[in-house]
Amino acid sequence: FSSLQTQQMFYTLLEKGFEVSFKNGKPSLIKAEGKPVWVLRKDGKEGQYLRKGSDGRHVVPGLPAGEYIFKAETPELHKSSLRGTSAREMTVTMDVTSGDGKEKIRVATEELKSARPIMEVSFTVWQKQSNATFVVEFKSHSVFKKIYVTSQLLLFPLPAIKEEIMQARRESKAVIRPDEYIVELTKGAGGVGMTLGWDKVLKAAVVKTIDTHGAAARTKKLNIGDLVRGIQGVRVDKLSFRKIIKRLRSVPRTVVLLMTKAPEGYVPVKTGNRTRKIENLKVRRKAPPVPGSPEAPPLPPPRPHSQS
């Protein structure tokens, strides 16, 4: 990459579902196409006509991991002569539950009317939530005339970079200790918005500076002197400073860190470009005594002058 900004733009597009394609040895990004996993059909025809009281409930089980877009449209509503009334409206409710039934992935409700006859909702099913169940229900408010509705559910492959972030979160939670906390930093054009230094006494990487406008400051969790204990779910307690920095730079986009708060009352003391030991602010050294005072040590006797 020609710059850090170009690199982060590339990874942002990958997170949004673009794929890398090589043509004549040159990489290019193409938008991944969605695969229909469900299309609303009635009597073998696409779409369904519904009036008030009609059965418009549909269940789609066994959704695999991936990114989904649900679309519903009532194309004939804008032609209705009863604009501005609820008589020609339709309520669409969708619900997605994880495979084990313990987690609600997405719930959404929207009123389709002449002013807004289209509904579009996106959601993600992660690997641990796979085999999810999708339920959608269409309720027409029209008593006499049926309302025509079309709908489909599209599946997009889960970007590898997003799966890596989820893996880092899971592994970080597996190795976290009681005195530690997890923080996520998304790299921008200026990095993560902080610098690290090495503390020789603690033998650990510590937060040296924090950019007030960077990702580290926006988390409102990090402070000067906090210790780095893990990166992407891998503990770095015994790694050298050089290896810790190398591991941080190898993370493409979102950094998942395990951190420990600096001891209370401690701040890093800088010497040049290095960070040396963290000293206790409560311990203050006394000023040196004034020569000649009772606390001052006795002065050495004067040296005798040599006679020629």
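The values are calculated or read from the model by the stated rules, or taken from the named source; none is laboratory data. Keep in mind the model is a prediction, meaning the values are calculated, not measured. Quick reminder, even Gly has a Cβ in these numbers, built from the backbone with ideal geometry, and neighbours come from all protein chains shown. Ligands, DNA and RNA are stripped out before the accessible areas are found, and what is left, the full protein with its side chains, is counted by its heavy atoms. Shrake-Rupley method; radii C 1.70, N 1.55, O 1.52, S 1.80 Å.
Checked against the criterion of being touching a residue at least 12 places away in the same chain (Cβ under 8 Å) and crowded, with 17+ Cβ neighbours inside 10 Å, the candidates Phe156, Phe144 yield just one match: Phe156. Being surrounded by fewer than 17 Cβ atoms within 10 Å (Cβ to Cβ), within 19 Å of Glu171 (Cα to Cα) and hydroxyl-bearing (Ser, Thr, Tyr) is the filter here; which residues of region 235-258 pass it? Correct list: Ser250 only. Among all residues of region 202-214, there is none that is of a type in the set (Ser, Thr, Tyr) and under 21 Å from Lys162 (Cα atoms). Taking the conditions (1) modelled with pLDDT of 90 or more; (2) open to solvent by less than 60 Å² (accessible area, probe 1.4 Å) in turn, Gly188 satisfies each one other than (1).
For Lys203, the criteria (1) surrounded by 15 or more Cβ atoms within 10 Å (Cβ to Cβ); (2) farther than 15 Å from Val251 by Cβ; (3) charged (D, E, K, R) hold in every case but one, which is (1). For the structure I just gave you, tell me whether Gln232 is open to solvent by less than 70 Å² (accessible area, probe 1.4 Å), modelled with pLDDT of 90 or more and more than 23 Å from the chain's Cα centre (by Cα). No. Inside region 98-107, residues that are part of a strand (DSSP E or B), out of contact with any helix residue (DSSP H, G or I) (no Cβ under 9 Å at 6 or more places or on another chain) and not basic (Lys, Arg) make up a count of 1.
Considering region 108-135 alone, what residues qualify as being open to solvent by less than 50 Å² (accessible area, probe 1.4 Å), outside any loop (DSSP other than H, G, I, E, B) and under 22 Å from Gly62 (Cα atoms)? Listed by number, the residues that qualify are Ala108, Val121, Phe123, Thr124, Val125, Gln129, Ala132, Thr133, Phe134, Val135.
Give just the number: which of (1) without any contact (Cβ under 8 Å) to a residue 24 or more places away in the chain; (2) surrounded by fewer than 15 Cβ atoms within 10 Å (Cβ to Cβ) does Ile210 not satisfy? For Ile210, the failing item is (2). Please go through region 20-63 and pick out each residue that is assigned to a loop (DSSP other than H, G, I, E, B), out of contact with any strand residue (DSSP E or B) (no Cβ under 7 Å at 6 or more places or on another chain) and at pLDDT 80 or above. Residues satisfying the conditions do not exist here. Among residues of region 227-252 that are among the polar types (S, T, N, Q), those with a Cβ under 6 angstrom from a residue that is at pLDDT 90 or above, sequence gap 6+ or separate chain, pair up as Gln232/Val256. Within region 136-150, the residues that satisfy the criterion of being assigned to a strand (DSSP E or B) and of a type in the set (Phe, Trp, Tyr) are Phe138, Tyr148.
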